[in-house]
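Chemist: Here's a structure for you.
The values are calculated or read from the model by the stated rules, or taken from the named source; none is laboratory data. Bear in mind that the values here come from a model prediction, so they are computed numbers and not experimental data. Cβ placement follows ideal geometry from the backbone for every residue including glycine, while neighbour counts extend to all protein chains displayed. The accessibility values were calculated without ligands, DNA or RNA, using every heavy atom of the protein model including side chains. Shrake-Rupley method; radii C 1.70, N 1.55, O 1.52, S 1.80 Å.
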Amino acid sequence: MSPPLTLKETMRAAGDPRLTEWHQKLVSKGLEKKALDEKLNTDVARRDQVKTQMDKIQPDVEQFETRQEKEKEVSLLLFA
């Protein structure tokens, strides 16, 4: 007899119908947890990928902001 069938028969033989119900709930909760874990892992991987991309372009952003500040200073000096 296979382990799942042995478990079902043991629960049935125990005489408490709630055992089967509890087992079914545990199985469904386990499937939900697995799906949530997979979604979490996907989201974490995407977050890490975006963070890596942001870290990669950060020097360019800083350079752009510095240039804007310098251009503003030059503009103020020319029209002051």
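Chemist: For the chain, which chymotrypsin sites (Phe, Trp or Tyr not before Pro) pass both filters: DSSP loop (anything but H, G, I, E, B) and at most 10 other C-beta atoms within 10 Å? Present the calculation step by step, with values, prior to reporting the outcome.
Modeler: Values: sites: Trp22, Phe64, Phe79; in loops: Phe79.
Of the chymotrypsin sites (Phe, Trp or Tyr not before Pro), the ones in loops of the chain whose Cβ has at most 10 other Cβ atoms within 10 Å are Phe79.
Chemist: Give me the percent of accessible area attributable to carbon and sulfur for the chain, probe 1.4 angstrom.
Modeler: Details: 4660 of 7590 Å².
For the chain, the apolar C and S fraction of the accessible surface comes to 61 percent.
Chemist: How large are Rg and Dmax for the chain when only the alpha carbon atoms are used, in Å?
Modeler: Cα only, the chain: 30.4, 94 Å (Rg, Dmax).
Chemist: Anyone know which of Ala14, Ala35, Ala45 comes out most mobile in the 10 Å Cα GNM of the chain?
Modeler: Ranking Ala14, Ala35, Ala45 by mean-square fluctuation puts Ala14 first.
Chemist: While we're here: Of Gln63, Gln53, Gln24, which has the largest mean-square fluctuation in a 10 Å C-alpha GNM of the chain?
Modeler: Comparing Gln63, Gln53, Gln24 in the GNM, the peak value goes to Gln63.
Chemist: When the chain is modelled as a GNM with alpha-carbon springs shorter than 10 Å, which of Thr20, Thr42, Thr66 fluctuates the most?
Modeler: With Cα springs under 10 Å in the chain, the top fluctuation among Thr20, Thr42, Thr66 is at Thr66.
Chemist: May I pose another question? I'd like the trypsin sites (Lys or Arg not before Pro) in the chain restricted to DSSP loop residues with at most 14 other Cβ atoms within 10 Å, sorted by number.
Modeler: On the way: sites: Lys8, Arg12, Arg18, Lys25, Lys29, Lys33, Lys34, Lys39, Arg46, Arg47, Lys51, Lys56, Arg67, Lys70, Lys72; in loops: none.
Taking the chain and a limit of 14 other Cβ atoms within 10 Å, no loop trypsin sites (Lys or Arg not before Pro) are found.
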